[in-house]
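Here the structure comes first, spelled out in structure tokens, and everything after it is commentary.
The values are calculated or read from the model by the stated rules, or taken from the named source; none is laboratory data. Worth saying up front: this structure is predicted, and the values here are computed from it rather than measured. Here the Cβ is made from the backbone with ideal geometry for all residues, glycine too, and neighbour counts use every protein chain on show. Accessible surface is based on the protein model in full, side chains and every heavy atom, while ligands, DNA and RNA are left aside. Shrake-Rupley method; radii C 1.70, N 1.55, O 1.52, S 1.80 Å.
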Amino acid sequence: MSADSADSTDHRFMHRAIDLARNCPPSTTAYSVGAVIVADGVEIATGWSRETDEKVHAEESALNKLDPDDPRLTRATIYTTLEPCSTRATASRPPCTDRILAAGIPTVVIAWREPSLFVAACEGVDKLRRHGVRVVELTDLAAEAMSMNTHLDLG
């Protein structure tokens, strides 16, 4: 796959994740995020913040729809509109970075990094990279991915 083709694919699936984020019920205490898991060029799971309960994160929701041993995960890419969390306010649920690492997903594509609004210093991207995950940042789509979060003080 050429770089232009990969870039086009990444943008297409990130736009899909952005569309999913628009489904999120607004919250003053959490971001609205969309996520798409893709394997072999095919969407295999989607999720968005607060899709199934008020605490579920987009990546968590998408991963919950797949068997943790699904062999496609080891060759998948997860597209998420916001940097995956590295800590959770809900202590009974692992951070999304830990879920992504446990699933063996080798590539994560994000549109923007988590600001210090709810978590002092999100280290999702850094943690993923330290564990050998390829992280792609589509900063040209950050404003669009942030658009459903304008009610929050994003600084």
### Message
Rounded to the nearest 20 debye, what is the charge dipole size of the stretch 1-93 about its Cα centre when +1 sits on each Lys and Arg Cβ and -1 on each Asp and Glu Cβ?
### Response
240
### Task
Mind giving me the nanometre distance, one decimal, between the label points for ALA89 and GLU43, set 7 Å out from Cα along Cα→Cβ?
2.9
### Query
Can you list the residues of the stretch 86-103 with backbone N under 16 Å from a point 7 Å past the Cα of VAL135, pointing along Cα to Cβ?
86-88, 95-102
### Dipole in debye (nearest 20) - the chain, about Cα centre, beta carbon charges: Lys, Arg +1; Asp, Glu -1
260
### Summary
Diffusion coefficient in µm²/s returned for the chain by Stokes-Einstein, Kirkwood Rh over C-alpha pairs, 25 °C and 0.890 mPa s, is 161
### Task
Note down the nm distance, to one decimal, between modelled labels 7 Å out along Cα→Cβ at ASP53 and at LEU66.
2.2
### Solvent-accessible area per residue for the chain (1.4 angstrom probe, square angstrom)
48
### Task
Quantify how much of the Cα-Cα distance distribution of the stretch 1-81 extends past 18 Å, in percent.
40
